[in-house]
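J.: Next up is a structure, given as structure tokens.
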Amino acid sequence: MAFELERGSFDALVFDCDGTLVDSAPAHLHAIREALSSLGLTMDPEWYSMRTGLGPDDLLDAYEADYKVEALVREDFYRRSNKSFLANLHLIQEIRAVTDVARHWFGVVPMAVASNGVRKNVEATLIATRLRPFFYTIVTAEEVTRPKPAPDVYLEAAYRMRVKPERVVVFEDSNEGLEAASHAGMKAFDIRVVRSQESHLTR
């Protein structure tokens, strides 16, 4: 496997969802651009790709600031974008280097998903990719006080699994997520390193 873990050196695994377990960026970008299009606005894919670790509100805050647009009506925007996302789940693919880890350790140690995403979308993503049965615990930013880069989602996941934070290993793909894991006192793998290596090998 791409990530080597020594049995007994940890008590639980926690995975980010978008960009870690699955490549959902195409579905999210499509949904966001569709919602923006109804307002006569657009979003550059490259701009989005640099900010995929942000939660929904932080992403829109950055968008409004960088694109110098008036404040969006968040509730209406999220309703439109979430509807589009759920209609395009077929665009999502699992990231095998990471899901292989989940499959290998399933039933051996407790595992959770901790995401800055919307719970409804996270659940739908895991169901669509047939990954949902691996995770008894799911925590999203909606259920805690602060999203990543604060450690709240990771600490809540450890609490629900009844595992000490320092005995948890995290899999992440964003600077915000890695910072959150560090603040939680957890060891973390940056899965971007493996994805970059795989991309280089397939060129």
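The values are calculated or read from the model by the stated rules, or taken from the named source; none is laboratory data. Quantities reported herein were computed from a predicted structural model and do not represent experimental measurements. Glycine also receives a Cβ, built like all others from the backbone with ideal geometry; neighbour counts cover every protein chain displayed.
J.: If Glu70 satisfies every condition in (1) assigned to a loop (DSSP other than H, G, I, E, B); (2) modelled with pLDDT of 95 or more; (3) surrounded by fewer than 17 Cβ atoms within 10 Å (Cβ to Cβ) but one, which is the exception?
T.: Checking Glu70 against (1) assigned to a loop (DSSP other than H, G, I, E, B); (2) modelled with pLDDT of 95 or more; (3) surrounded by fewer than 17 Cβ atoms within 10 Å (Cβ to Cβ), the one that fails is (2).
J.: Test of understanding: among Thr99, Thr52, Thr42, which residue is in the same structural domain as Arg160 (by TED's automatic domain parsing), among the hydroxyl-bearing types (Ser, Thr, Tyr) and either crowded, with 17+ Cβ neighbours inside 10 Å or farther than 22 Å from Arg192 by Cβ (or both)?
T.: Only one candidate passes the filter, namely Thr99.
J.: Give me the pairs: first residue in region 59-77 and over 20 Å from Ala141 (Cα atoms), second residue surrounded by fewer than 10 Cβ atoms within 10 Å (Cβ to Cβ), beta-carbon distance under 8 Å, and six or more apart or on different chains, which are they?
T.: Hits for this filter: Glu64/Glu70; Glu64/Ala71.
J.: Let me ask something else about it. Here's a check for you: in region 45-67, which residue that is among the aliphatic types (A, V, I, L, M) and part of a helix (DSSP H, G or I) is farthest from Leu29 (Cα to Cα)?
T.: Among residues in region 45-67 that are among the aliphatic types (A, V, I, L, M) and part of a helix (DSSP H, G or I), the one farthest from Leu29 (Cα to Cα) is Ala65.
J.: Filter region 3-23 down to the residues that are in contact with a helix residue (DSSP H, G or I) (Cβ under 6 Å, 6 or more places away or on another chain) and among the small types (Gly, Ala, Ser) and list them by number.
T.: Answer for region 3-23, where residues must be in contact with a helix residue (DSSP H, G or I) (Cβ under 6 Å, 6 or more places away or on another chain) and among the small types (Gly, Ala, Ser): just Ala12.
J.: Oh, and also: Can you tell me which of Val169, Val194 is in a helix (DSSP H, G or I) and either under 17 Å from Leu5 (Cβ atoms) or free of Cβ contacts under 8 Å to residues at least 24 places away in the same chain (or both)?
T.: None of the other options fit; the residue is Val194.
J.: Hey, among Ala184, Ala188, which residue is among the small types (Gly, Ala, Ser), surrounded by fewer than 22 Cβ atoms within 10 Å (Cβ to Cβ) and free of Cβ contacts under 8 Å to residues at least 40 places away in the same chain?
T.: Just one listed residue meets the conditions, Ala188.
J.: Taking region 40-56 as the search range and keeping residues that are of a type in the set (A, V, I, L, M, F, W, C) and at pLDDT below 95, which one is farthest from Trp105 (Cα to Cα)?
T.: Per the criteria, the residue is Met50.
J.: Suppose we filter Ser199, Ser174 for residues that are hydroxyl-bearing (Ser, Thr, Tyr), within 22 Å of Val118 (Cβ to Cβ) and modelled with pLDDT under 95; which single one remains?
T.: Ser174
J.: So which of Ser81, Ser37 ends up being of a type in the set (S, T, N, Q), free of Cβ contacts under 8 Å to residues at least 24 places away in the same chain and not assigned by TED's automatic domain parsing to the domain that holds Lys164?
T.: Going through Ser81, Ser37 in turn, the sole match is Ser37.
J.: State which residue is modelled with the highest pLDDT when the search covers only region 105-154 and only residues that are part of a helix (DSSP H, G or I) and among the basic types (Lys, Arg).
T.: Per the criteria, the residue is Arg132.
J.: If Val168 satisfies every condition in (1) closer than 24 Å to Val194 by Cβ; (2) surrounded by fewer than 22 Cβ atoms within 10 Å (Cβ to Cβ) but one, which is the exception?
T.: (2)
J.: Of the residues Leu91, Leu59, which single one is surrounded by fewer than 18 Cβ atoms within 10 Å (Cβ to Cβ) and closer than 27 Å to Ile127 by Cα?
T.: Of the residues listed, the single one that is surrounded by fewer than 18 Cβ atoms within 10 Å (Cβ to Cβ) and closer than 27 Å to Ile127 by Cα is Leu91.
J.: Tell me yes or no: at least one residue of region 145-153 is closer than 22 Å to Leu126 by Cα and touching a Lys or Arg at 6+ places or on another chain (Cβ under 6 Å).
T.: Yes; the residues of region 145-153 include at least one that is closer than 22 Å to Leu126 by Cα and touching a Lys or Arg at 6+ places or on another chain (Cβ under 6 Å).
J.: I would also like to ask the following. Among the residues in region 1-12, are any out of contact with any Ser or Thr (no Cβ under 9 Å at 6 or more places or on another chain), assigned to a helix (DSSP H, G or I) and surrounded by 13 or more Cβ atoms within 10 Å (Cβ to Cβ)?
T.: No.
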